[in-house]
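Reading through the structure tokens given below for one structure.
The values are calculated or read from the model by the stated rules, or taken from the named source; none is laboratory data. Given the structure is predicted, the values throughout are model-derived calculations rather than measurements. Cβ placement follows ideal geometry from the backbone for every residue including glycine, while neighbour counts extend to all protein chains displayed. For accessibility, only protein heavy atoms count, side chains too; no ligands or nucleic acids. Shrake-Rupley method; radii C 1.70, N 1.55, O 1.52, S 1.80 Å.
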Amino acid sequence: MSDAPATPTPAGFFVRVFAMIYDTLVMLGIWILTVVVLVSIAGDAVVGAWVQSLLFVELFAFFCYFWLKRGQTVGMMAWRLRLVSDETVTLKTVLLRFIGALLGGACVFVGYVWILFDRNQRSWSDIMSHTYVVREPKPPKRS
């Protein structure tokens, strides 16, 4: 039996979808908290482009923070996924990744279905940002 760590493999479509569901639930919680705080402060309904803009900035900040600082979002941590690149992941990298994710989702999720057809299992956001998502091996069992 070898002590060498297993090589990470490209993350497949379904495991990435499950990670996205986790991240969506986390973002919904953040957005609900934001709106509750705003309604509490205003004492009335909060509507308009400024609220939508704030929620959009929160979305970008969430992904930007996790991709830059950890290389994985909450959903990616749960499913042992990691964002990797041949170069250092920068703010430009995560901005391109975020734009690719928005485009991939806006086009009836074709950008994510692309994972099924790409030989390296990359989504549009991976391709645009020159990154890829890998599935980390399970940690060895402790005796």
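Just tell me which lysines come within less than 16 Å, Cα to Cα, of LYS92; anything on the same chain fewer than 8 places away is out. Qualifying lysines at Cα under 16 Å: LYS69.
When a 1.4 Å probe is rolled over the protein heavy atoms, the share of accessible surface on segment 1-86 that falls to carbon and sulfur comes to 71 percent. Our helix-only sum for the chain, with -39,500 (n - 2.57) per DSSP H run of n ≥ 4 divided by its residues, gives a mean residue ellipticity at 222 nm of -18500 deg cm²/dmol.
Once the Cβ-Cβ distance of TYR65 and ILE21 is raised to the sixth power relative to R0 = 22 Å, the FRET efficiency obtained is 0.65.
Cα centroids of segment 103-143 and segment 36-95: 18 Å apart.
Probing with 1.4 Å while keeping every protein chain in the model, the per residue accessible area of segment 22-143 equals 65 Å². Counted by Cβ distance under 12 Å from GLY29, the other residues give a net charge of -2, where Lys and Arg count +1 and Asp and Glu count -1.
Put SER40, SER53, SER123, SER85 in order of accessible area, largest first, 1.4 Å probe: what do you get? Before the final figure, lay out each step's value.
Numbers: SER40 90, SER53 65, SER123 0, SER85 35 Å².
Sorted by accessible area, descending: SER40, SER53, SER85, SER123.
The order of ILE127, ILE115, ILE41, ILE32 by accessible area, most exposed first and with a 1.4 Å probe, is ILE41, ILE32, ILE127, ILE115.
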